[in-house]
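Asks: Below are the C-alpha cells for one structure; questions will follow.
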Amino acid sequence: MSRHPVPDPRLLAETAEGPQELSSRAETPEPELRREIGAVLRLPESTPASGDLASGSVDIEVSDDDTMIINMGPQHPSTHGVLRLMIELDGETVLRTKPIIGYLHTGMEKTGEELTYVQGCTNVTRMDYLSPLNNELVFSMAVEELLGIELPPRATWIRMLLSELQRMSSHLMWLATNGMDVGSTTMMIFGFRERELILAFFEKTTGLRMNHNFIRPGGTAADLPDGWQDDVVVICDNVETRLDEYDELISGQPIFRQRLVGTGSLTAQEALALSATGPILRSTGVAWDLRRSMPYLEYDKVEFDVIVGTYGDNFDRYACRFNEIRESIRIVRQVLDLMPLGDYRTQDKKVTPPPRARIDESMEALIHHFKIFTEGFKVPEGEVYVAIESPRGELGCYLVSDGSSKPYRMHIRAPSFVNLQSAPVMMHGGLIADAIATISSVDPVMGEVDR
Amino acid sequence: MSSDDAPGEASVAVGSAPPPSAQPNAQASAHPVIFCSRAEYHDAVAKLRDEGFELLSDLCGVDYLTHRGRELPSGVEPERFEIAVVLTSVTQRRKVRVRVQIPEGDPVVDSLWDLYPGTEAMEREAFDMFGIAFSGHPDLTRILMPEDWEGYPLRKDYSVGRVPVQFKEAPGPR
C-alpha cells in the first residue's frame, strides 16, 4: 500500500494554480517551453519567436527525469513578500523559473475608478509601499496634466525634495534587505537605522511614516515644517558619512563580492527587450534615467550623475543603487539652496480646498470645501500617460477621464511588475543559491507587482 | 459587428511631429498618439521598433463601455475596448503612444511578444483584467487573478462588490 495516497482532488483544486504554474517539460506546450527555456530570450532579433531558440546555446532536450521542479514561496523569507517562484533545477543549476504572482492583488486599479481624484492618492500610495511619495507624485502629475494647471514653484521643489529623500530611503531599505539575503545582518540593521532618519522626517512633514497622501493634485497637502532645512542637513550628513562606512563594510568584503559579482547577469539588449528600467537597465550600461532623459519637475535645474554599470550582474545593480543614494544626497543639497518661497499648492479654487479660517468667514469657501470633499473636482476628458523615475524604474500612470470627478481608468505602469520578468533570465544557468541574491537585486515590491 | 478591419484603412496620426529631444518638461502630453486598426497594429509597432523605439514601456487595456462618445480622430471607429501601448526610444529620448480599437464581439489582437518580449506579463494582465486575447502569446493565462476566476474584473460591467453592512435598509453584497 502506498504511503502517500493521492490527495483529495477537492483539496488540490484549492491549492493548485493550474496552468499558471510551471509544469514539467512533457506537459508544457511547445511555444511556452521555448519561451521559458529561451529564458535567454530570442535574441536573434530577426526571427525572434519563430523557433530559432533550439539552435542556440540552450539545451532544449533535457528530459524530465533529470530535472526537478521546486516551489519557493509565496511564504519564503527571501522572496520579499508573497512572490512565488517555481524553479526547474538540474542538480543545483536553475534551468527554468516562473514567477507566479497575484497573491497580493487587491484590485487597486478598480478601486481607483471608484475614488474621486481627491481621494485617488490615498489609493495609489499603497502600491509601492517603499516609495509611496513617488506613487502620489505620478498620479498627481497625471491629473494636473489633464487639468492643465500650473503649480507654484515651491510645490514643485517640495515634491522634488521628498521624491529624492524617498529614493534614499527606498534604496537604503534595499541595501538592508539585500544584506539580509546574502547573509550580512549588520547591513540589515544599518540600512533600517538610516531609513528611520528619513521616515522620521516624513512623519514630521506629512504626519505619517508611510502612505502619506501628502502630494496631491494641485500641490502638496501642507508646507514643509519649520526648521526642515536643519533636519534635511542632518539626514544628508549622516547618510553620507555612513555610506562611506558601508562601502568599507561590504563593498570590498570578499564573501559579499563572491555572492554578487558575476551572478545574475543581464545584457543591455535583454534588459531593453524585457522592458526593464531603473537600476536593472542602468546596471547593464544604458544611461536611461527619466530624470535626465525626459526631465519632469525641475530635474533639469539640478546637477547629478546617472549611475551606470557594465556587466549587469548583481554587484553592478548593488553599486548602482548604492551610488544613486549619493546622487540623491547631491540633489537634496541643491534643493536646500534653491527652494523658493511662496505657495505650496495652486490657488485654483476648483482644485484646492480653502484654508480652514476662510470657511468661517465665507459662504463660497464653505461651498467649495464641501464640493471638493464630497464630489471632487471635474477633470476634462482625455487620456494621458505620465512617467517618472521611481527608485525601481519607470513608474507610469495612464489616466483616462470621461469628464467626471472620478478617473474612468487609472492604470499604473508598475516598474516591479515589469522588471520581475527579467528575473528568470538572470537566474537561468546560475546556481539556486545565487537565485536568492538575484531576486533581491531585482527589488520587487509585491504591493506594486500585484496592485 | 464586423470583426475584420479593412486593411486598407490608413493609420491616423494625431499631434505634431515628435518633439526634439532637448525640450524639457514637455514630456507627458507631448507624446504623439498613433491610432491604428487592428489589422495594422502589429506591423505598425514593428515599424516603430525599426525606427528606434527599443523599449516598450507600457501596455494596458481600457474598457469604454460607458464612455462611448470619446474624442477620436475622424476615420477611427470607436469600439468597446482599446489597447494603449507606450513605446520609448532610448536613443532619441521620446515616447509615442499607439492606440488600437478592439471590438466587443471579437476581442482578439495580435501579440507584440515576438517584437518586445517584455509585453509577456503586460498582455497577460490585459487578458486577465479585460478578457482581450492576444494571438501569438506563448502563455496566455491569468496572471493576477486565480486561474478559475470568472469574469474580467476591470471591465465596466463587472461589479465592484460590497461588504454587507448591518443595517436594515442597506443593500446586500453585489
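Asks: May I ask you to list the residues in the stretch A:402-425 that are farther than 22 Å from residue A:81 by Cβ and either facing another protein chain (nearest Cβ under 9 Å) or surrounded by fewer than 24 Cβ atoms within 10 Å (Cβ to Cβ) (or both)?
Replies: A:402, A:403, A:404, A:405, A:406, A:408, A:409
Asks: Which of (1) free of Cβ contacts under 8 Å to residues at least 12 places away in the same chain; (2) of a type outside the set (A, V, I, L, M); (3) more than 8 Å from every other protein chain (Cβ to nearest Cβ) is the odd one out, the single condition residue B:117 does not satisfy?
Replies: Here residue B:117 meets the rest and fails (3).
Asks: Of all residues in the stretch A:317-355 being within 17 Å of residue A:297 (Cβ to Cβ) and of a type in the set (S, T, N, Q), which is modelled with the lowest pLDDT?
Replies: That would be A:346.
Asks: Check the stretch A:254-261 and report whether any residue there is without any contact (Cβ under 8 Å) to a residue 24 or more places away in the chain, over 20 Å from residue A:414 (Cα atoms) and assigned to a loop (DSSP other than H, G, I, E, B).
Replies: no
Asks: Can you tell which of A:266, A:281, A:274, A:297 is within 9 Å of chain B (Cβ to nearest Cβ), at pLDDT below 90 and crowded, with 23+ Cβ neighbours inside 10 Å?
Replies: The unique qualifying residue is A:274.
Asks: Also: With the condition kept exactly as written, say whether any residue in the stretch A:365-381 is touching a residue at least 60 places away in the same chain (Cβ under 8 Å), polar (S, T, N, Q) and surrounded by fewer than 23 Cβ atoms within 10 Å (Cβ to Cβ).
Replies: Checked against the condition, which is being touching a residue at least 60 places away in the same chain (Cβ under 8 Å), polar (S, T, N, Q) and surrounded by fewer than 23 Cβ atoms within 10 Å (Cβ to Cβ), the stretch A:365-381 yields no hits at all.
Asks: Kindly state which helices (runs of 4 or more DSSP H) lie completely within the stretch A:89-162 and contain at least 3 residues that are within 22 Å of residue A:301 (Cβ to Cβ) and within 13 Å of chain B (Cβ to nearest Cβ).
Replies: A:132-147
Asks: Residue by residue through the stretch B:90-105, note down the ones that are over 15 Å from the mean Cα position of the chain (by Cα) and surrounded by fewer than 19 Cβ atoms within 10 Å (Cβ to Cβ).
Replies: Once the filter is applied, which keeps residues that are over 15 Å from the mean Cα position of the chain (by Cα) and surrounded by fewer than 19 Cβ atoms within 10 Å (Cβ to Cβ), the stretch B:90-105 yields B:90, B:91, B:92, B:105.
Asks: In the stretch B:103-128, what residues are touching a Gly at 6+ places or on another chain (Cβ under 8 Å) and either over 19 Å from residue A:414 (Cα atoms) or of a type in the set (Lys, Arg) (or both)?
Replies: B:107, B:110, B:111, B:114
Asks: Using the structure shown, decide if residue A:396 is surrounded by fewer than 24 Cβ atoms within 10 Å (Cβ to Cβ), in contact with a Phe, Trp or Tyr (Cβ under 7 Å, 6 or more places away or on another chain), within 14 Å of chain B (Cβ to nearest Cβ) and more than 23 Å from residue A:87 (Cβ to Cβ).
Replies: no
Asks: In the stretch B:60-97, how many are of a type in the set (Lys, Arg) and farther than 23 Å from residue B:118 by Cα?
Replies: Within the stretch B:60-97, residues that are of a type in the set (Lys, Arg) and farther than 23 Å from residue B:118 by Cα number 3.
The values are calculated or read from the model by the stated rules, or taken from the named source; none is laboratory data. Predicted model only: the values in this text are computed from it and were never measured. Here the Cβ is made from the backbone with ideal geometry for all residues, glycine too, and neighbour counts use every protein chain on show.
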